[in-house]
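The values are calculated or read from the model by the stated rules, or taken from the named source; none is laboratory data. Being a predicted model, the structure only gives us computed values, none of them experimental. FYI the Cβ positions are ideal-geometry reconstructions off the backbone, even for glycines, and counts take in every protein chain you see. Note: accessible area is taken over every heavy atom of the protein model, side chains too, but ligands, DNA and RNA are not part of it. Shrake-Rupley method; radii C 1.70, N 1.55, O 1.52, S 1.80 Å.
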Amino acid sequence: MNEMIADRTRRTKWFLHDRFGMFIHWGLYAIPARGEWVRSRERISVEDYEGFFREFNPSEFDPKTWAKLAKEAGMKYAVLTAKHHDGFCLFDSSLTDYKATNTPAGRDLVREFLDAFRADGLKVGLYYSLLDWHHPDYPHYGDRNHPMRENPAYSNENRDFNRYLDYMHGQVRELLTNYGKIDIMWFDFSYPGMECETWKAKELVEMARSLQPELIIDNRLEGSGEKSGTIMTKNPSVYAGDFACPEQMIPPSGMTDEAGDPIPWEACITMNDNWGYCSSDHHFKSPRMIIRALVECVSKGGNLLLNVGPDAKGRIPRESVNILKALADWMKDNADSIYGCGMADYEKPEWGRYTQNGKKLYAHVYEECMGAVCLRGLAGKIDHMRLLKDGSEIIPTDFWNVKEYPTDAFFFFDNRTSSFPLPDENDSVLEITLK
Ligand code: GLC
């Protein structure tokens, strides 16, 4: 195996075992409360955004409650926006004044986040925006995304991108030097003309790894599209990243490289339609949909990074808390079908999904079946079966009408004649121990 891939495999071992993390998008944009792209979308100048900086005072910020919610929901790691595209830093950077310590908050919020989550045994990651709409040396006029992209008064004359790169590299160095062990670095994002070596990506990653050799890095220093050296190839570049990070979708059948071998991936998904807090967005997914999204990721060999966008006071929205609590309920009973699990040796069944961990095959039953639930191709392969949530025995049925299907196994949830209603309307999990 190529050395890059061997290192990646070693580094991502815990990550792929743990499967489930919390994404936290939080910053000044929680005040306008129209999502984290508000400056770009509404073409807001630095000056007009300044009021939020002077006002930022999250009086209810308590990362211990965030950590508790994440941990109870079964999440094993969390990634916080240390700096988003608006350039505002939640950490005490010596390279800028545009940071939380200079707002009424007056504290290093990244440090508090890290302390709280580590104390609860979670691994920690930092999101860091490659874009910066506050830094004077980042391209303004004519850029694809900058709030001033259409304003010729913000021409790029006298902007020195190398100065920005020094700043950006310097901040990454600070984050990886001053805050103890960081498990994940989540760079965001590249776009045509601003990708790969535009960021001095090789140097950046080499520096990051020299500071934290086991650091896991996403693949957004690369732009999208078919290129040599990406994570999808057998010869990934130094900055190809350790995992792919599909956004707002779950890949149709997991993710593989050009030779068809699985690569590490993590789907990042919002609970409503925004990453950053949006006060008018109540379009939340149901707990059931989220539980099933987690199962879907695992069934395809990937992770789920589920987002919350705390409000200006520092509180996670009530709807998100409800989803996290539902996850907690379900995970309390069913976590064995998630951690350490991945793609199963059996095809996706009609009634739901499989996940698998060695000899343990987990049947996630979503649909009520007419009669016995069919386990295709499993006849003679089952040692025993238990309902995962309470450990109770489930026995294969030999009801007369299943005898026509000698290679399949069947069961009833009540061990008699019925498979409805399902024991858990979100996802009823049967643990099948294979011979
Ligand atoms: C994006 C967006 C962003 C969000 C991120 C999460 O590329 O720019 O606001 O932070 O995706 O994946």
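Checking each residue of the range 400-416 against the condition of being of a type in the set (A, V, I, L, M) and in a loop (DSSP other than H, G, I, E, B) gives no match.
Reported count of residues in the range 118-168, each being surrounded by fewer than 16 Cβ atoms within 10 Å (Cβ to Cβ) and either within 16 Å of the ligand (Cβ to nearest atom) or part of a strand (DSSP E or B) (or both), is 1. The selection criterion, being within 30 Å of LEU294 (Cβ to Cβ), away from the ligand (no atom under 15 Å from the Cβ) and hydroxyl-bearing (Ser, Thr, Tyr), holds for THR65.
Listed here are the residues, each with its yes/no results for (1) assigned to a loop (DSSP other than H, G, I, E, B); (2) touching an Asp or Glu at 6+ places or on another chain (Cβ under 8 Å); (3) more than 13 Å from the ligand (Cβ to nearest atom).
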site: THR198; (1), (2), (3): no, no, yes
site: VAL205; (1), (2), (3): no, no, yes
site: ARG209; (1), (2), (3): no, no, yes
site: GLY223; (1), (2), (3): yes, yes, no
site: PRO236; (1), (2), (3): yes, no, yes
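Restricting attention to the range 269-289 and to residues that are surrounded by fewer than 23 Cβ atoms within 10 Å (Cβ to Cβ) and not in a loop (DSSP other than H, G, I, E, B), the residue that is nearest to the ligand (Cβ to nearest atom) turns out to be ILE269. Considering the range 33-48, and only residues there that are under 30 Å from the mean Cα position of the chain (by Cα) and away from the ligand (no atom under 16 Å from the Cβ), the residue that is nearest to ASN145 (Cα to Cα) turns out to be ARG43. Suppose we keep only residues that are without any contact (Cβ under 8 Å) to a residue 40 or more places away in the chain and closer than 22 Å to TRP14 by Cα within the range 233-245. Which one would you say is surrounded by the most Cβ atoms within 10 Å (Cβ to Cβ)? Checking each candidate, the answer is GLY241. Residue count for the range 81-108, restricted to those that are surrounded by fewer than 24 Cβ atoms within 10 Å (Cβ to Cβ) and within 16 Å of the ligand (Cβ to nearest atom): 1.
Take PRO421 and tell me if it is exposed (fewer than 11 other Cβ atoms within 10 Å of the Cβ), within 30 Å of LYS325 (Cβ to Cβ) and out of contact with any His (no Cβ under 8 Å at 6 or more places or on another chain). Outline the logic, then answer.
Numbers: exposed (fewer than 11 other Cβ atoms within 10 Å of the Cβ): yes; within 30 Å of LYS325 (Cβ to Cβ): yes; out of contact with any His (no Cβ under 8 Å at 6 or more places or on another chain): yes.
Considered against the rule, which asks whether it is exposed (fewer than 11 other Cβ atoms within 10 Å of the Cβ), within 30 Å of LYS325 (Cβ to Cβ) and out of contact with any His (no Cβ under 8 Å at 6 or more places or on another chain), PRO421 comes out as yes.
What are the residues in the range 13-32 that are away from the ligand (no atom under 13 Å from the Cβ) and assigned to a loop (DSSP other than H, G, I, E, B), if any? Result: ARG19, ILE31, PRO32.
Could you tell me whether any residue of the range 222-232 is among the hydrophobic types (A, V, I, L, M, F, W, C), touching a residue at least 12 places away in the same chain (Cβ under 8 Å) and within 24 Å of TRP199 (Cα to Cα)? Yes; the residues of the range 222-232 include at least one that is among the hydrophobic types (A, V, I, L, M, F, W, C), touching a residue at least 12 places away in the same chain (Cβ under 8 Å) and within 24 Å of TRP199 (Cα to Cα). Under the condition of being open to solvent by 50 Å² or more (accessible area, probe 1.4 Å), in a helix (DSSP H, G or I) and touching a strand residue (DSSP E or B) at 6+ places or on another chain (Cβ under 9 Å), the residues counted in the range 308-360 number 2. Every residue in the range 10-41 that is over 20 Å from PRO317 (Cβ atoms) and free of Cβ contacts under 8 Å to residues at least 24 places away in the same chain, please. Result: ARG10, LYS13, ARG41.
Please verify whether GLU60 is of a type in the set (Asp, Glu), within 15 Å of the ligand (Cβ to nearest atom) and either in the same structural domain as PRO310 (by TED's automatic domain parsing) or in a helix (DSSP H, G or I) (or both), treating the condition exactly as stated. Talk me through it step by step, then tell me what you get.
Details: of a type in the set (Asp, Glu): yes; within 15 Å of the ligand (Cβ to nearest atom): no; either in the same structural domain as PRO310 (by TED's automatic domain parsing) or in a helix (DSSP H, G or I) (or both): yes.
No: the conditions fail for GLU60.
When you check THR65 against the structure, is it closer than 18 Å to ASP311 by Cβ, at pLDDT 95 or above, open to solvent by 10 Å² or more (accessible area, probe 1.4 Å) and assigned to a helix (DSSP H, G or I), yes or no?
Working: closer than 18 Å to ASP311 by Cβ: yes; at pLDDT 95 or above: yes; open to solvent by 10 Å² or more (accessible area, probe 1.4 Å): yes; assigned to a helix (DSSP H, G or I): yes.
For THR65, the condition - closer than 18 Å to ASP311 by Cβ, at pLDDT 95 or above, open to solvent by 10 Å² or more (accessible area, probe 1.4 Å) and assigned to a helix (DSSP H, G or I) - is met.
Of the residues making up the range 211-221, those that are of a type outside the set (D, E, K, R) and within 16 Å of the ligand (Cβ to nearest atom) are ILE216, ILE217, ASN219, LEU221.
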